[in-house]
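Okay, structure first, notes after.
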Amino acid sequence: MGCGQASATGHELFGWTEEDLELINKWAFQGERVIHGSPSGVDNAVSTWGGALRYQQGKISSLKRPPALKILLTNTKIPRSTKTLVSGVRSRLLKFPGIVAPLLTSIDAISVECERVLGEMAAAPAPEHYLVLEELIDMNQHHLNALGVGHASLDRLCQVARAHGLHSKLTGAGGGGCGITLLRPDLEGPEVEATKQELTRDGFDCWETSIGAPGVSVHSAASLDAAVRQGLDGL
């Protein structure tokens, strides 16, 4: 499943039609093809429409009323090739079909359970839901490591998060890149800051953000922070 991290729904604020959004999505997908070769289409779709998406057997559909979840997004700064990582998983599946195929089936089951929990949270979020999501995050990360898309930097992210009572997993293709850490509503600010500081000392970049946000937006210069506007003036 995919979750948007952009702002302001285009068709609600800017009068874009569904045809406009389809066009934006198609051009974004072409950019994905240049970078990744044979992308799923999830990244460009969730960036266009926002919210959360279900991706299954090549088909993408939106989830209704996904809850906004706060996360810590961490960039390990480790470069990786999506093409190479996907090819590696495919090779491992061909070499060990009896082992890898059940892993993929289990990952699918984790996604289905996650969707069920998110559906319940949209109606009436409870602390128990976050505990289940944390368990699913841990299981998913272990499965992804078994598929060969983990990395020492992502292991370090999970280790630091775990030391602070948090739960993390890779996002995207893995092999480095970025990871996400679920931030429960009951977390104290100092605990989150301590986690960020430790990850920063390891050379990572961290941002507090949310998933399940609206999609593509248009920004005017007036909406930018003063520091950003000042930086742009110097270009």
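The values are calculated or read from the model by the stated rules, or taken from the named source; none is laboratory data. The model shown is predicted, which means the values in this text are computed figures rather than measured ones. Here the Cβ positions follow ideal geometry from the backbone for every residue, glycine too, while neighbour counts run over all protein chains shown. The accessibility values were calculated without ligands, DNA or RNA, using every heavy atom of the protein model including side chains. Shrake-Rupley method; radii C 1.70, N 1.55, O 1.52, S 1.80 Å.
Can you tell me how many residues within the range 15-48 are open to solvent by 40 Å² or more (accessible area, probe 1.4 Å) and farther than 23 Å from Lys83 by Cα? Number satisfying all stated conditions: 9.
Against the numbered list (1) in contact with a His (Cβ under 6 Å, 6 or more places away or on another chain); (2) of a type in the set (D, E, K, R); (3) at positive phi, Glu134 comes up short only at (3).
Please verify whether the range 108-122 includes one or more residues that are in contact with a helix residue (DSSP H, G or I) (Cβ under 8 Å, 6 or more places away or on another chain) and within 24 Å of Cys206 (Cα to Cα). No: zero hits.
Residues that are among the charged types (D, E, K, R) and more than 14 Å from the chain's Cα centre (by Cα) within the range 42-77 comprise Lys59, Lys64, Arg65, Lys77, listed in sequence order. The set of residues from the range 153-206 being more than 15 Å from the chain's Cα centre (by Cα), under 25 Å from Ser81 (Cα atoms), open to solvent by 60 Å² or more (accessible area, probe 1.4 Å) and not acidic (Asp, Glu) comprises Arg156, Gln159, Thr200.
Scanning the range 207-219 for residues that are buried (at least 20 other Cβ atoms within 10 Å of the Cβ), not β-branched (Val, Ile, Thr) and not in a loop (DSSP other than H, G, I, E, B) turns up nothing. Just checking, how many residues over the range 50-95 are touching a strand residue (DSSP E or B) at 6+ places or on another chain (Cβ under 8 Å), in a loop (DSSP other than H, G, I, E, B) and open to solvent by less than 70 Å² (accessible area, probe 1.4 Å)? Count: 4.
If we scan the range 126-133, do we find a residue that is at pLDDT below 95 and farther than 17 Å from Lys77 by Cα? Break it down stepwise before answering.
So in the range 126-133, the residues at pLDDT below 95 come out as 126-127.
From what's left, farther than 17 Å from Lys77 by Cα: 126-127.
Yes, the conditions are met somewhere in the range 126-133.
For every residue, the table says whether it meets (1) modelled with pLDDT under 90; (2) within 30 Å of Gly189 (Cα to Cα); (3) in contact with a Gly (Cβ under 9 Å, 6 or more places away or on another chain); (4) of a type in the set (Val, Ile, Thr).
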position	(1), (2), (3), (4)
Ser47	yes, yes, yes, no
Asn75	no, yes, yes, no
Gly88	no, no, yes, no
Ala109	no, no, no, no
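For Thr105, are the conditions met, namely being polar (S, T, N, Q), part of a helix (DSSP H, G or I) and at pLDDT 90 or above? Here the answer is yes, as Thr105 does meet what is asked.
Report whether or not Glu12 is surrounded by fewer than 17 Cβ atoms within 10 Å (Cβ to Cβ), at pLDDT below 85 and either among the charged types (D, E, K, R) or within 15 Å of the chain's Cα centre (by Cα) (or both). For Glu12, the condition - surrounded by fewer than 17 Cβ atoms within 10 Å (Cβ to Cβ), at pLDDT below 85 and either among the charged types (D, E, K, R) or within 15 Å of the chain's Cα centre (by Cα) (or both) - is met.
Within the range 114-155, track down each residue that is among the aliphatic types (A, V, I, L, M) and assigned to a loop (DSSP other than H, G, I, E, B).
If the condition is that a residue be among the aliphatic types (A, V, I, L, M) and assigned to a loop (DSSP other than H, G, I, E, B), then Ala124, Ala126, Val149 are the ones that fit.
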